[in-house]
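**Q** Handing you this structure, nothing more for now.
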Amino acid sequence: MAKIIIIGAGLTGISAAYHLERAGFYDYLLYEKEDSPGGLCRSIEQDGFTFDFTGHLLHINNDYFLSLIKQIVGLDSFEQIARRSFIYSQGNYTPYPFQINLRGLPSSTIAECISKFVLRNKTTKKPKNFRQWVLKEFGSGFGKYFFFPYQTKIFSYSIDKLTASWTSRFVPATTLTQIIDGILYNPSDTQQIGYNAQFFYPKQGGIFAWVQKLINRLANPIATNYQVKTIDTRNKTVIFTNGHHERYETLINTIPLDNLLHCLHEKPSNHIKQASDHLLCNSIINYNFGINRPHISDKHWIYFPEKIFPFYRLGFQHNFSNATTPSGHSALYGECSFLHKSKHWQQQLLANAIHKTKQLLNLASPEIVTEKIITIPHAYVIYDAWREKNLPVILAHLKKLDIHSVGRYGQWKYSSMQEAILDGKAIAETLTFIPARKSLFDQQTWQIEPTRNETTPQ
């Protein structure tokens with residue numbers, strides 16, 4: 001038995017373990033279902049190339065996180081990079097963000113974006129969905145040529161059902177002056193706009209290199225190949241698919257929230273398992289190519305809003321670090337999203353994406369010396385109205401059971417590596433300084449809102 005069990009040795013779980021140990025607490029166990037820790041921050045070495053699980057870049061704007069990186073890894077272990085990202089549309093590459101860089105696009109597109117921006121209705125107090133939010137903030141022109149098609153593609157979900165609660169940090173605002181400047185002048189300065197304008201990437205070993213150094217600081221081992229089957233909340237026991245049982249006093253969960261809810265064994269009166277079916281998250285096919293051609297692109301990544309391209313983004317690892325490829329080679333990654341599609345449909349999507357990638361980059365099959373296909377079942381959390389209303393209730397209910405669900409997928413949110421570290425730190429501090437609590441089974445009631453096609457039990 002351990003006082004604390006941590007489920008999931010992704011970045012949040014590793015951070016929680018590290019910060020527990022920093023507080024002098026070692027009575028915990030950390031379990032991971034894969035054969036190695038790191039979650040989506042792992043890197044794969046293959047035929048002299050290093051591939052990550054899609055583009056993973058380190059953004060630092062928090063003093064504590066910066067100090068941790070300096071202490072554990074050292075800034076001299078990173079490339080410090082100014083972003084070179086672009087949007088490809090209407091046959092043109094324009095610098096990111098689109099809403100500030102219209103130069104090079106057809107004059108009719110520029111005129112429509114400007115006129116609709118000026119004439120937009122700014123009086124909408126609380127937009128109900130992402131479409132309404134774009135119309136208020138940018139107008140229908142920017143929506144038509146970038147925001148509407150791109151967000152539909154990346155989420156694989158209707159923008160009329162998508163809320164805008166996630167946008168403030170990730171979508172840069174614009175002004176008429178910025179729009180005009182982006183048309184008339186050199187756009188190089190606009191590359192410094194947005195949360196990801198500057199980023200760090202390990203000089204060696206891919207993105208996992210810095211995560212491994214954090215793991216190396218742990219005194220307690222990480223138990224790999226332990227997948228959760230059932231969580232008996234009454235007896236406070238985790239049962240794994242390999243037959244192992246482990247009791248706990250407190251559980252820190254960092255695996256996807258919908259998976260956690262499916263594992264819970266509770267009283268029949270609680271319909272928490274049904275709630276998991278309404279937590280939506282898309283999936284990603286990530287294809288990686290090692291290419292026998294130097295400098296296939298000078299860009300870090302490119303966004304593709306148009307429907308003719310099955311992928312929403314292409315990135316080029318060799319521009320993050322030369323060590324990701326052998327000398328004289330390049331590497332690229334492509335990303336396609338889907339939501340609840342068959343294996344056959346996914347295979348067709350991938351084949352079409354690879355064909356379009358080769359066509360766009362004039363890439364011949366013999367030039368591809370190695371490839372790695374990665375399917376990520378949980379990618380981008382869908383921010384819909386059901387999530388907004390019910391997620392706080394679900395997380396509060398879990399807390400009453402002494403289950404703290406944290407991190408990107410544990411809290412069902414969109415966040416960065418920095419935030420994963422801070423989430424792990426926060427829960428470790430909470431649990432090591434927590435005051436005496438009531439009984440875990442104090443008969444408090446819990447209820448989530450039914451969807452329209454459900455009936456409330458009488």
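**Q** Among the residues of the stretch 423-442, which ones are at pLDDT 95 or above and either assigned to a loop (DSSP other than H, G, I, E, B) or of a type in the set (Gly, Ala, Ser) (or both)?
**A** As a first pass, look at the stretch 423-442 and keep what is at pLDDT 95 or above: 423-431.
Answer for the stretch 423-442, where residues must be at pLDDT 95 or above and either assigned to a loop (DSSP other than H, G, I, E, B) or of a type in the set (Gly, Ala, Ser) (or both): Gly424, Ala426, Ala428.
**Q** Give me the residue from the stretch 383-406 that is open to solvent by less than 20 Å² (accessible area, probe 1.4 Å) and out of contact with any Ser or Thr (no Cβ under 9 Å at 6 or more places or on another chain) and, out of that set, farthest from Ser156 (Cα to Cα).
**A** His397
**Q** Could you list all residues from the stretch 116-137 that are surrounded by 13 or more Cβ atoms within 10 Å (Cβ to Cβ), part of a loop (DSSP other than H, G, I, E, B) and among the basic types (Lys, Arg)?
**A** Arg120, Lys128
**Q** Report yes if Phe51 is in contact (Cβ under 8 Å) with a residue 12 or more places away in the chain, of a type outside the set (Gly, Ala, Ser), closer than 30 Å to Ser15 by Cα and not in a helix (DSSP H, G or I), otherwise no. Before you say what the answer is, go through the steps one by one.
**A** Values: in contact (Cβ under 8 Å) with a residue 12 or more places away in the chain: yes; of a type outside the set (Gly, Ala, Ser): yes; closer than 30 Å to Ser15 by Cα: yes; not in a helix (DSSP H, G or I): yes.
For Phe51, the condition - in contact (Cβ under 8 Å) with a residue 12 or more places away in the chain, of a type outside the set (Gly, Ala, Ser), closer than 30 Å to Ser15 by Cα and not in a helix (DSSP H, G or I) - is met.
**Q** All but one of (1) of a type in the set (Asp, Glu); (2) at pLDDT 95 or above; (3) closer than 30 Å to Lys122 by Cα hold for Asp189, so report the exception by its number.
**A** Status for Asp189: all satisfied but (2).
**Q** Could you count how many residues in the stretch 168-180 are crowded, with 20+ Cβ neighbours inside 10 Å and part of a helix (DSSP H, G or I)?
**A** Counting residues in the stretch 168-180 that are crowded, with 20+ Cβ neighbours inside 10 Å and part of a helix (DSSP H, G or I) gives 1.
**Q** Still on this structure, I have one more. Considering the stretch 197-223 alone, what residues qualify as being within 19 Å of Glu32 (Cβ to Cβ), open to solvent by 40 Å² or more (accessible area, probe 1.4 Å) and not hydrophobic (A, V, I, L, M, F, W, C)?
**A** If the condition is that a residue be within 19 Å of Glu32 (Cβ to Cβ), open to solvent by 40 Å² or more (accessible area, probe 1.4 Å) and not hydrophobic (A, V, I, L, M, F, W, C), then Gln212, Lys213, Asn216, Arg217, Pro221 are the ones that fit.
**Q** When you scan the stretch 228-241, do you find a residue that is under 27 Å from Phe51 (Cα atoms) and either touching a Leu at 6+ places or on another chain (Cβ under 9 Å) or modelled with pLDDT of 95 or more (or both), even just one?
**A** No.
**Q** Here is a follow-up. What pairs can you find where one residue is in the stretch 20-44 and of a type in the set (S, T, N, Q), the other is assigned to a helix (DSSP H, G or I), and their Cβ atoms are less than 7 Å apart, with a gap of 6+ or different chains?
**A** Cβ pairs passing all conditions: Ser43/Phe208.
**Q** Give the residue that is nearest to the chain's Cα centre (by Cα), with candidates limited to residues of the stretch 299-322 that are under 20 Å from Tyr145 (Cβ atoms) and assigned to a strand (DSSP E or B).
**A** Arg313
**Q** Within the stretch 266-280, is there a residue that is open to solvent by 10 Å² or more (accessible area, probe 1.4 Å) and assigned to a strand (DSSP E or B)?
**A** The answer is no, given that none of the residues of the stretch 266-280 is open to solvent by 10 Å² or more (accessible area, probe 1.4 Å) and assigned to a strand (DSSP E or B).
**Q** Here's a follow-up. So for the stretch 102-115 (the condition being open to solvent by 10 Å² or more (accessible area, probe 1.4 Å), closer than 30 Å to Pro256 by Cβ and of a type outside the set (D, E, K, R)), does at least one residue qualify? Can you show your working first?
**A** Pass one, the stretch 102-115, residues open to solvent by 10 Å² or more (accessible area, probe 1.4 Å): 103-108, 110-112, 114-115.
Subset that is closer than 30 Å to Pro256 by Cβ: none.
No: zero hits.
**Q** Still on this structure, please answer the following. Specify which of the listed residues (Ala420, Ala379) is at pLDDT 95 or above, closer than 21 Å to Val171 by Cα and in a loop (DSSP other than H, G, I, E, B).
**A** Of Ala420, Ala379, the one residue that is at pLDDT 95 or above, closer than 21 Å to Val171 by Cα and in a loop (DSSP other than H, G, I, E, B) is Ala379.
**Q** Is it true that Ile308 is open to solvent by less than 40 Å² (accessible area, probe 1.4 Å) and either farther than 24 Å from Pro97 by Cα or touching a residue at least 12 places away in the same chain (Cβ under 8 Å) (or both)?
**A** no
**Q** Residues of the stretch 314-371 being aromatic (Phe, Trp, Tyr) and touching a residue at least 60 places away in the same chain (Cβ under 8 Å), which ones?
**A** Of everything in the stretch 314-371, those that are aromatic (Phe, Trp, Tyr) and touching a residue at least 60 places away in the same chain (Cβ under 8 Å) turn out to be Phe320, Tyr333, Phe338.
**Q** OK, next. Picking from Gln71, Gln80, Gln99, which residue would you name as being in contact (Cβ under 8 Å) with a residue 12 or more places away in the chain and more than 22 Å from the chain's Cα centre (by Cα)? Walk me through it before giving the result.
**A** Working: Gln71 fails: in contact (Cβ under 8 Å) with a residue 12 or more places away in the chain; Gln80 fails: more than 22 Å from the chain's Cα centre (by Cα).
Every option except Gln99 fails the conditions.
The values are calculated or read from the model by the stated rules, or taken from the named source; none is laboratory data. Every value quoted in this text rests on a predicted model; they were computed, and no experiment measured them. Counting neighbours? That spans all protein chains shown, and the Cβs are built from the backbone with ideal geometry, glycine included. Protein only, heavy atoms only, side chains kept; ligands, DNA and RNA dropped before computing areas. Shrake-Rupley method; radii C 1.70, N 1.55, O 1.52, S 1.80 Å.
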